[in-house]
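Chemist: Take this structure, written in structure tokens, and hold onto it; I'll ask about it next.
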Amino acid sequence: MNKPTPTRDGFGEELVKIAKENEKILVVSADLEDATRAEYFKNAYPDRFFSVGIAEQDMVGMASGLTLQGFQCFVNSFAVFLTNRAYDMLRMDVCYNNCDVKVVCSHAGVTVGPDGASAQCLEDFALMRVLPNIKVICPCDVIEARKATRAISLEKGPMYLRTSRAPLPIVTKEEDTFIIGKANILKEGSDVSIIACGVMISEALSAAQKLQEQNINARVINLHTIKPLDEKTLIQAAKETGAIVTAEEHQIHGGMGSAIAELLAQKYPVPIEMIAVKDSFGESGTPEELLKRYHLKDVDIVQAVKQVLSRKK
């Protein structure tokens, strides 16, 4: 399958498969199961699906209680609604109690598109990664989304999975390994490391190709797990290439780039440039228009690589 596909589709498809294998899996929704693709589960297992209506806080509290009775619960909504409106419940009900709740949020980033600023969540990595006990994952294509959905179900405890509304190019293979907390190197390189996640992976690969034409050899790393970081791979990249560019569909503050900078500042400092939304809200437009508008394209990564190389010792 080579057709660009939203990662939310991979979540919905795999959830049905793993639910067949595990009768303890339940889904609690807040009225957006069609958009998040949790409706696939609803159609297959209606007796294990619960909708609370437009009440994200109630959804999280209910799911937490069900996990204390031995179930594993998936909750889902748009990222902006679930991470923002139900943050206190995610903090106290889910993370404080280390409940086996899987928080799956679609429609994050500017590629939500025409829905505009009010629906484009650009701060979810920052909000989620500071909470104890939770792991934060952002797959880059539908194949990886399926693997990530299965992986979070096989691990106990709180998980945050970010999925896309926009169709994303297929950049991984069915046989590729997916391990929570273990980054994948998609292209080797010695001059600079480009570290990306989600929609920015395809942009990073395109940038690396453009750079290769200019005799700049870029390593491309798929950091699908924002927390916990793959410290070994990231430190090795810093040591071997001496310069880092991060690329994410998120605010520049507090996200993946910040997490990498925190790590390398302590373990192996090197020059870093960050591609991200620079402290602003989004606006309405097509995904492609907005990626260009907020400088999240391959050409922007190329420019950042040249900037960081100018600072490289």
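The values are calculated or read from the model by the stated rules, or taken from the named source; none is laboratory data. This is a predicted model, so every value here is computed, not measured. Glycine gets a Cβ as well: all are built from the backbone with ideal geometry, and neighbour counts include every protein chain shown.
Chemist: For G189, only one of the following conditions fails: (1) more than 23 Å from A238 (Cβ to Cβ); (2) of a type outside the set (F, W, Y); (3) in the same structural domain as A259 (by TED's automatic domain parsing). What is its number?
Modeler: Evaluating G189 over (1) more than 23 Å from A238 (Cβ to Cβ); (2) of a type outside the set (F, W, Y); (3) in the same structural domain as A259 (by TED's automatic domain parsing) leaves (1) as the failure.
Chemist: Still on this structure: Right, L168: hydrophobic (A, V, I, L, M, F, W, C) and not assigned by TED's automatic domain parsing to the domain that holds K306 or not?
Modeler: Numbers: hydrophobic (A, V, I, L, M, F, W, C): yes; not assigned by TED's automatic domain parsing to the domain that holds K306: yes.
Here the answer is yes, as L168 does meet what is asked.
Chemist: Among the listed residues E39, E33, identify the single one that is more than 24 Å from K227 (Cα to Cα) and modelled with pLDDT under 95.
Modeler: Details: E39 fails: modelled with pLDDT under 95.
On inspection, the qualifying residue turns out to be E33.
Chemist: Next question. Which of the residues spanning the range 278-294 are within 17 Å of the chain's Cα centre (by Cα) and either outside the structural domain of L229 (by TED's automatic domain parsing) or crowded, with 22+ Cβ neighbours inside 10 Å (or both)? Lay out the reasoning, then the answer.
Modeler: Residues of the range 278-294 that are within 17 Å of the chain's Cα centre (by Cα), as a first pass: 287, 291.
If the condition is that a residue be within 17 Å of the chain's Cα centre (by Cα) and either outside the structural domain of L229 (by TED's automatic domain parsing) or crowded, with 22+ Cβ neighbours inside 10 Å (or both), then L291 is the only one that fits.
Chemist: Taking the condition of being surrounded by fewer than 17 Cβ atoms within 10 Å (Cβ to Cβ) and outside any strand (DSSP E or B), how many residues in the range 168-180 meet it? Reasoning before the result, please.
Modeler: Step one: list which residues in the range 168-180 are surrounded by fewer than 17 Cβ atoms within 10 Å (Cβ to Cβ), which gives 173-177, 179.
Filter once more, so that each one left must be outside any strand (DSSP E or B): 173-177.
Number satisfying all stated conditions: 5.
Chemist: Failed condition for S202, given (1) touching a residue at least 12 places away in the same chain (Cβ under 8 Å); (2) more than 14 Å from V299 (Cα to Cα); (3) of a type outside the set (A, V, I, L, M, F, W, C); (4) assigned to a helix (DSSP H, G or I), with all others met?
Modeler: It fails just one condition, (2).
Chemist: If you go through the range 1-28, how many residues are in contact with a Gly (Cβ under 9 Å, 6 or more places away or on another chain) and closer than 26 Å to T111 by Cβ?
Modeler: Here is the first cut: in the range 1-28, the residues in contact with a Gly (Cβ under 9 Å, 6 or more places away or on another chain) are 7, 24.
Add one more test, that the residue is closer than 26 Å to T111 by Cβ, and what stays is 7.
Selection size over the range 1-28: 1.
Chemist: Continuing with the same structure: When you go through (1) touching a Pro at 6+ places or on another chain (Cβ under 7 Å); (2) surrounded by 24 or more Cβ atoms within 10 Å (Cβ to Cβ) one by one for G12, which number turns out not to apply?
Modeler: Failing condition for G12: (1).
Chemist: Exactly one condition in (1) of a type in the set (D, E); (2) over 21 Å from L131 (Cα atoms); (3) at pLDDT 95 or above is false for D115; which is it?
Modeler: (3)
Chemist: Right, another one. Being crowded, with 21+ Cβ neighbours inside 10 Å, over 17 Å from Q307 (Cβ atoms) and touching a residue at least 24 places away in the same chain (Cβ under 8 Å) is true for just one of I275, I244, I221, I235. Which residue is that?
Modeler: Values: I275 fails: over 17 Å from Q307 (Cβ atoms); I244 fails: over 17 Å from Q307 (Cβ atoms); I235 fails: crowded, with 21+ Cβ neighbours inside 10 Å.
Just a single option satisfies the conditions, and that option is I221.
Chemist: Select from the range 134-170 the residues that are more than 15 Å from the chain's Cα centre (by Cα) and aliphatic (A, V, I, L, M) and list them in ascending order.
Modeler: Result: L154, I170.
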